[in-house]
Structures are given as C-alpha cells and as structure tokens.
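**Q** Once you've had a glance at the structure underneath, I'll fire off some questions.
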Amino acid sequence: MSFIVVQAITGLASAASLFLIAVGLSIVFGVTRVVNFAHGSLYMLGAYLAFSFTAAFGDTFFGYLAAILLAAVVVGGLGAVMETSLLRRIYRAPELFQLLATFGVVLVVQDLTRMIWGADDLFAPRMPGLDGAINIFGHAVPEYDLFLIATAFVVLGGLWLLFRHTRFGVLVRAATEDREMVAALGIDQRWLFTGAFILGAALAGLGGALQIPRQAASLSMDLNIIVDAFVVVVVGGMGSIMGAFVAAVLISELLAFGVVIFPQITLVLIFAVMAVTLVLKPSGLFGRPEFTTQEDRRNPDPPLRAGDGLSRIFWWGLLVAGVAAPLVIGDFAIIVLTEIAILALFAASLHFLLWGGGLITFGHAAYFGLGAYGSGLAVFHLSLGMAPALLLAPLAGAAGALLFGWFCVRLSGIYMAMLTLAFAQIAWSAAFQWGGFTGGDNGILGVWPSDWASDPFVFYYLAFAVCAAVIWGLRHTVFSPFGYTLRATRDSALRSAAIGVDVTRHRWLAFTLAGAAAGVAGGFFAFAKGSVFPEVLFVSTSVDGLVMVLLGGVQSLAGPILGAIALTEIETELTRLTDLWQLCLGILIILLVVVLPHGLAGLSAFMRRRQP
Amino acid sequence: MNVLTVEKLSKAFGGVQAVGGVSFAVAPGERVALIGPNGAGKTTLFNCINGQLRPDDGRIEMSGRDVTGQAPHRIWRHGVGRTFQITATFASMTVAENIQVALASADGAAKGLGRRLSARYRAEAEVLIELVGLAARTEDPAAELPYGDLKRLELAVAMTNEPSLLLMDEPTAGMAADARGGMMDLVDVMVAERGVAVLFTEHDMDVVFGHADRVIVLDRGQIIAEGSPDEIRGDATVRAVYLGTFDEATV
Ligand SMILES: Nc1ncnc2c1ncn2[C@@H]1O[C@H](COP(=O)(O)OP(=O)(O)O)[C@@H](O)[C@H]1O
Ligand SMILES: [Mg+2]
C-alpha cells in the first residue's frame, strides 16, 4: 500500500514536467494550428539557462527559484523572436512544411546549445531548502518531487484563471474553438498569436528549468520530451488543457508502475495506451473532431504524364550513369554512390506515400530501420548469409508498417504526422531497451556482405540493381490501378468511398507497400555500413528522407532520386568543412520552406492548405 | 422488387430529431424528389441511406437486401451511384481518368498492380463521356472544368457501376437557372436508357415538377405529404409549410 502511494507520487512528479510542455504545445496549436517541433528545444533551453542562472545566483532557495523563473521568462522571449521571425511566415503553409521548418529550428538550437554549453551533460545542484527527503509510510520521497507536483497544480490553476477571467485568455479559447469567429470580431490576430506562443514557450522553458535538480541538462532532452509530448497530446486531444493534464498523469503513472511491474515492456504500455485511445476516440480523450483538415478542392497538381520524351531520357540517363559511374570513380566515391542508391530508394518509398497518397509521415525511419535490424539480427542471431538476410528486410519493414499503419491511416494531417513519429520513436527506444536482443547502444556489428559481394564494386552493382528495380516498381505502381486509386483517395476521400473504395484499407496497403520498399533500402544500408545502430530508426533519418524529397521536388517522380543525390553530396562536402553540420542542415530546411515555397509548388498544391 | 425500401428510419443529433421514423420506397426506374424546407432532415436522410451516418433506428433495404449501417463503399457495391451537393471529383486526374478509376473499382481491380490504368477501361469510359456530353473535354484535368461540366462528370462517374439507384443531393445546386434543365434532362436520359431509379433532393420547384414521377415532402424529420407532382402542388399542408414560396417558384 505504502509502496503504491510513493510510486504514485513519483509518477505525478514526472507528470508535472510533461504537463507543462504538453499544455504549451497544445495552447500554441489551438491558436495557430501549428505543431511546433521546436517546443522541445525551448524546454531544453530552459534547462540549460536554469543551469547557468543557478550557478550564478542559485545558492539560496529564493535565488534558485528566481533562476528557474528567469529561465522561463528568457525562453518566453526567445519564443517571441521565433514566432515573429519564422512562425509568422508559415502559418498558411501545409502541415508538413510547418513541421519541417520547426524541425529545422531543432537542429539549429542543438548546434548552438552545443557551441555555448558544450556536449557534456551538465549536473545542477539541488534546490536549497528542498534538497532533502520526507518520510511517507517509511519511504523517502524527495521534497523536490512534492514541490514539482505543487507547481503543476499552481500552473493548472493559473491557466484556468487566465482562460476564464482575462480578455487574452478568452480570446485564446475562442480562437481554439472557432477561429473564423475571432477573425470576424476584427481582433488583431498577430498579437494573439505572438502572445499564445510566448505563453507556450515560457511554459516549456519552465518545464525544462524545473527538471535540472532531477535530471542533467543534455542535448538529447529536446527530442525525447517532444515525442512524449506528442504522445500526450495525441492521447489527451489537441488543443485541450484538461486533456494535456489527464494524459500526462495517465502516461506518467503508467510508466511509474510499469517500470516496477514489467520493466521490459514500458514501451509496449505506451503503445497500448495510444492504440486503445485512438481506436476508441481518434481525436483523443478531450479532443474535438473538428480539427481534422478538410479536403482541398482547388488541387492544381497536374495529371500524370507517363513516358514522354524528356522523362524517358532522364530515366535512361540515370540508369546509364549508375551503371557507368564505377568505371570512372575511386574507392571512396563508390561507397558514397552505394549510399546514394540506397537512400534514393528510401526517399522514393517516402515520396510514394507523400505524393502518391497524400499521407504525411514523419516516421518513415521506422521501416527503413526495421529493414536494417531485420537483416542485422538475422546475421547476428541466426547466422544467415547476406542473401536470405536481405530477403528478411522487406518483410520486417512491411510487418512494422502493417502494425503501425493500421493506426496511422485512421488519422489524417497533423495527427497522422505525430502518430507516425511517435511509433518510429517507440521503435527507436525499443532498439535501446531490448539491448540483449538488439545490442542496444552498441548496435550490431559484423553485418558484412557475403564473400562474393565483399568487393565494394560488386556490392554497389547489387545494391544499385535491386534499388533501381524497386524504384521502378514503385513508379510502375503509381500508374497502376492501385496507384491511381491511392491518388483518388488523396484527391477526394469522399468520392473514393462513393465509388466503392475502402479508403482506410487502401491507405493501409499503400503504407505497407512503402514500408516494404523502405525495408529493402534498410537491409542494404546495414550491409553497406557493416553494422546497425539505433540511429537508423531515429527521427533525423525520417527528416533526411523528407529533405531529400523536398530538395528534389515533390511533384516529380524523379524528385526523390535527385534529392538523394543532392543531400548526400551536400552532406559529404559540408561534414568535411565544418562540424556544425546540423546547423547548416537546419538552415537549409528553413530556407527551403520559407524562401523557396514556389520551388515546392507541387507539394503545397496538394497538401491541404489551411485557413489563416 | 423495390430498389430502395426505407422503414421507420430515425436519426437524432443530441436533442434534435433530424429524421423521425421515415418510411418510403423507390421502385425500379422511378424518379422520386425529396423536398422540404431547410433543416427538414433531407441531407441527414440521404447520409443514412448512403452509409455516411448510422441510423439510430429503422431499416434500409436495397433490392431486398438489408444494408442498414453499412459503410459508403459497401453501399456502392449494392448498385448505388451518388452525386454530392458540392461536387466531389479527382482534381488531379483527367476526365477520362476520373471515370477509369471508378470503372476499375467497379471491376474489382482497384488493387491491381498490373497494366497501367490509362490503357484500361478506355472504351467504356468514352461511352460514358459521350453520354454526358464531355467528349471534347476527355483529356482535360478535372481541376480545369467549369462547374456545370464537373456536375456532368460526377454523373458519369456515378454511372460506372451500372447502378439501379442514383442518389443525388441537390443535383442542380450552384448551377445557373438555365443550365438546370439540361442537367436534369441528362438524368432523364440515364433513367430512360439505363433503367436507373433516381432519388434526389431539390429546391428548384420547376425541376421538381418537371422531372419527378413522385414527390415526398419532409418537414421536421417527418413525411408530411407524398404523391404525384400535381397532387403535391395542390396540397394545402405543403403550401402552409412552404408559405407561398411555391407560387413564386412556379410562376
Ligand atoms: N452533424 C449534425 N450535428 C448536429 N445536428 C445536425 C447535424 N446534421 C444535421 N443536424 C440537424 O438536423 C436537422 C436536419 O438537418 P439536415 O438534414 O441538414 O436538413 P436539410 O438537408 O433538410 O436542410 C437540422 O436541425 C440540423 O441542424
Ligand atoms: Mg441539405
């Protein structure tokens, strides 16, 4: 009994921070309809700033408290800068672009934080006056945990007062419930948006600052917390404060008890909670279904034109170049070229979903990574040779897509993007947690090609042949009845259902097909590198794929291939020149989205546009 | 046997009884107009029949089979073609492709990975395109069609599964008054040549009285009158509900 109480308190203390970050994300989304990927970066900045401030004047209780609050205020100010300089330019952009642009900010903040504070974890002292523990039923409970819980309730109460009794709060609520109405009232939406963003940012900063006595400030805080926050808002319902609160408590308690009872399957628990919620109530516990986006009837994406002269020359040229290139290039270049062939297939499989089906996925790394692990584990545990291990790769990718896809295709737009990401991150954490099976952090080593393919040139030709064949297959699928029907569900789900298409099932099949294709790429990737690490499943892999597709131009079947060539080249060159590669990639992404929206007309055309 | 039989159908939203125990039937080849003031429950009734909404109570039969509560894509398999109040077509496809996709689905080939779609069902598509008068537009993207042509395209798409029943929610909404007759003439051609029955909602009384064999009047979720256009024209209750808008419309 006493143990249960103590464990529940631990859970509530974790819920406190999760609530602060999720509620900020939710408020910002409610008002601006932007899912801010960089919300986790604001949280991380809160922690780092609090670390510096407490070091300067945190040696008394009130000094420490002031340091935490000042960190929140500064992060709120940074939020104002971010809103006015970036967010404002992308409010009308398609959802995928908004996610990508804010992910660009994540990368930039990562490198800047590393520059300022260094790469090592930073441990702050405990909070003076709250550094002890009190005895509850014979168990020691940190005083600070109780302080955290109290703080969360204070914030919840404060938000409640703000939203009931101030003009700003009432407007925020009105905008969340009915944006047309606010526009009709003639309110200057600019300050409302900026205000909501500052509030959300400050809450994130507070959440991060409050963490430092419990947890070291580290560079992985941002993405870890944002994925948890996505899970919370998906479960609780976008735009709902109560939803954020209840879901944060639910998930934290589940983890607090899950860790004790089934330490091996805490991930499965989170997965199960998400799955059950989404099946029973797709808009989340407290969410409202109106948030689902509407069909775009002004869709200027031109009809498909197959095999005209120019595109034929392009594809044959590509084939000839791929076959002939090894004759003129060196040993290092052949490795890069192999990687390009593999990544081109990865990008093409993502493009198939994005463009072919209008399915926004932010977690395509899951299927690439499952392919890589499928092959890697087959070699490691079953001592299979290269050929059978490679055959397992598409099966692993397809199996993952079949399972995750079943849930994902039931959602649309931003919800789908968040859910795909959450599933991919669950797969990524699983690769860590089940270290006994997957090698965890240390990865799987010794995944080398069979003798007959061990020569880099032979392996290149093998990878090139298979990847080119699968890309050709995907291209063919786009023109087949299956592909056209998928395109039909993208253009109008309503009409598709009215001509007898089971839209959900069709999307699910497409998801699985793309998962299998990504799995093939993942399998080859494992053998090309000779190893598999959890990074293949990480969100940055998904984002690389998206950047390739955007770079190459989404509206063309050749886009993902050109994008894979371009990104691999840029990356190879830049990593040679600077170690601020993430910063450069982040800026590249932001520029792509903000400055060159017309270069990306094909995507903006078919992705649903939102109202101001 | 009736192509459509609706028995005691009910649907409420919260406290609002949008449809309250409606029963009627549509015979093969019959043209039935469903009219009533705004909020009478016409769209709700339609959405229950075509599977978009699940009725609270009652029963829907199509050609003798119980289809109550089935999803829209299953309803289509029972031989129902639909057009929408605001047209729903595939904007990134040509006129021909719009119809070819529907024909592939009718043929059970929507999941086919074989031969490219543009080379299949071409002749059948052209027959339908010709029938709705869009031959000159065959290769144009649907996104570029004027609204009236989109309505025609939608009708052609709705005919791809050789339906026994067409459900048309306000088939002439958004069209200029002089184009409405042409659209309904086209529907009459479908009825005459292909033997399809039509259930449609409509606000334009000229269209109703000129193109319906039978009229059902709905008010506050209940059927208040049912009969031939002439009977409905003379019905006092209907006149009361419509408060004289009738006379304006028919002048
Ligand atoms: N999704 C809904 N939620 C709540 N009430 C609805 C909904 N759809 C229709 N209603 C209500 O049901 C009644 C009938 O509406 P509707 O079927 O659209 O009428 P009609 O098509 O005849 O104008 C109206 O009172 C309307 O407000
Ligand atoms: Mg209506």
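**Q** Using the Karplus equation 6.51 cos²θ - 1.76 cosθ + 1.60 (θ = phi - 60°), what ³J(HN,Hα) coupling, rounded to whole Hz, does each residue of the stretch A:101-109 give in order, writing x for Gly and Pro?
**A** Going residue by residue, I get 4, 6, 5, x, 4, 4, 5, 5, 4 Hz, with x marking Gly and Pro.
**Q** Now a separate question. Quick one: length gained pulling B:Asp213 to B:Glu162 fully straight, 0.36 nm per residue minus the C-alpha distance?
**A** 16.2 nm
**Q** Could you work out the local net charge near B:Ala136, counting Lys and Arg as +1, Asp and Glu as -1, over the other residues with Cβ closer than 11 Å to its Cβ?
**A** Around B:Ala136, the charge tally is -3.
**Q** Could you list which residues have their amide H under 5 Å from that of B:Asp56, counting only those 5 or more apart in sequence or on another chain, with H placed in the peptide plane?
**A** B:Ser10, B:Lys11, B:Ala12
**Q** Something else now. Taking every pair of distinct Cα atoms and averaging 1/r, then inverting, what Kirkwood hydrodynamic radius in Å comes out for chain B?
**A** 18.8 Å
**Q** What accessible area per residue, rounded to a whole number of Å², is obtained for chain B using a probe radius of 1.4 Å?
**A** 40 Å²
**Q** Between B and A, buried accessible area summed over both sides at probe 1.4 Å, in Å² to the nearest 100?
**A** Summing both sides, the interface buries roughly 2900 Å².
**Q** When you count, for each residue, the other Cβ atoms within 10 Å and take the mean per peptide, how do B:228-240, A:370-382 rank with the highest first?
**A** Packing proxy ranking, top to bottom: A:370-382, B:228-240.
**Q** Where does the charge balance sit around B:Gly114 when Lys and Arg score +1, Asp and Glu -1, over other residues with C-beta under 13 Å from its C-beta?
**A** For residues surrounding B:Gly114, the net value is +3.
**Q** When the convex hull of the C-alpha atoms of the stretch A:2-280 is computed, what volume per residue in Å³ does it have?
**A** 139 Å³
**Q** Here is a follow-up. Is the stretch A:310-400 best put as rounded, prolate or oblate by its Cα gyration tensor, with a ≥ b ≥ c the root eigenvalues, rounded for a/c under 1.5, and otherwise prolate when a/b is larger than b/c, oblate when not?
**A** Taking the square roots of the gyration eigenvalues as a ≥ b ≥ c, the stretch A:310-400 is oblate.
**Q** Thinking of chain A as a set of Cα atoms, what percent of all their pairs are more than 48 Å apart?
**A** Above the 48 Å cut-off, chain A has 13 percent of its Cα pairs.
**Q** Over chain A, what percent of the accessible surface lies on carbon and sulfur atoms, probe 1.4 Å?
**A** The value for chain A is 69 percent carbon and sulfur by accessible area.
**Q** Let me ask another. So what does the Cα-only Debye profile of the stretch A:476-585 read at q = 0.14, 0.16, 0.22 Å⁻¹, as log10 I(q)/I(0), no solvent term?
**A** Log-scaled intensity ratios, in q order: -0.75, -0.91, -1.30.
**Q** Relative to the isolated chain, which residues of the stretch A:487-511 have their accessible area cut by 50 Å² or more in the presence of all protein chains (1.4 Å probe, heavy atoms, no ligands or nucleic acids)?
**A** Those are A:Asp491, A:Leu494, A:Arg495, A:Ala498, A:Ile499, A:Gly500, which lose 50 Å² or more relative to the chain on its own.
**Q** Around A:His39, under 14 Å between beta carbons, what's the net of Lys plus Arg minus Asp minus Glu among the other residues?
**A** -3
**Q** What is the Cα centroid distance between the stretch A:526-566 and the stretch A:335-403, reported in whole angstrom?
**A** After rounding, the separation between the Cα centres reads 11 Å.
**Q** If you don't mind, another one. Checking the table A:Lys281/A:Lys529; B:Lys42/B:Lys111; B:Lys11/B:Lys111; A:Lys281/B:Lys42; B:Lys42/B:Lys151; A:Lys281/B:Lys151 against a 32 Å threshold on Cα-Cα, which pairs fail?
**A** As for pairs spanning more than 32 Å Cα to Cα, those are A:Lys281/A:Lys529; B:Lys42/B:Lys111; B:Lys11/B:Lys111; A:Lys281/B:Lys151.
**Q** Can I ask one more? On the principal axes of its Cα set, how long, how wide and how thick is the stretch A:332-610? Give whole Å, largest value first.
**A** Largest first, the stretch A:332-610 extends 53, 41, 35 Å along its Cα principal axes.
**Q** Here's a follow-up. When ligands, DNA and RNA are left out and all protein chains stay put, how many square angstrom of accessible area per residue does the stretch A:332-610 have with a 1.4 Å probe?
**A** Per-residue value: 32 Å².
**Q** Please give the average number of partner chain Cβ atoms lying within 10 Å of the Cβ of each residue in A:468-480, rounded to a whole number.
**A** Mean partner-chain Cβ count within 10 Å for A:468-480: 2.
**Q** Sticking with this structure for a sec: Relative to the longest principal axis of the C-alpha atoms of chain A, give the angle of the C-alpha long axis of helix A:266-280, reported between 0 and 90° and rounded to the nearest 10°.
**A** For A:266-280 against chain A, the angle is about 90 degrees.
**Q** Within 10 Å of each candidate Cβ there may be at most 14 other Cβ atoms; applying that plus a DSSP loop requirement, which chymotrypsin sites (Phe, Trp or Tyr not before Pro) in the stretch A:64-170 survive?
**A** A:Phe123, A:Phe137
The values are calculated or read from the model by the stated rules, or taken from the named source; none is laboratory data. What you are looking at is a predicted structure, and each value in this text was computed from that prediction instead of being measured. Counting neighbours? That spans all protein chains shown, and the Cβs are built from the backbone with ideal geometry, glycine included. Accessible surface is based on the protein model in full, side chains and every heavy atom, while ligands, DNA and RNA are left aside. Shrake-Rupley method; radii C 1.70, N 1.55, O 1.52, S 1.80 Å.
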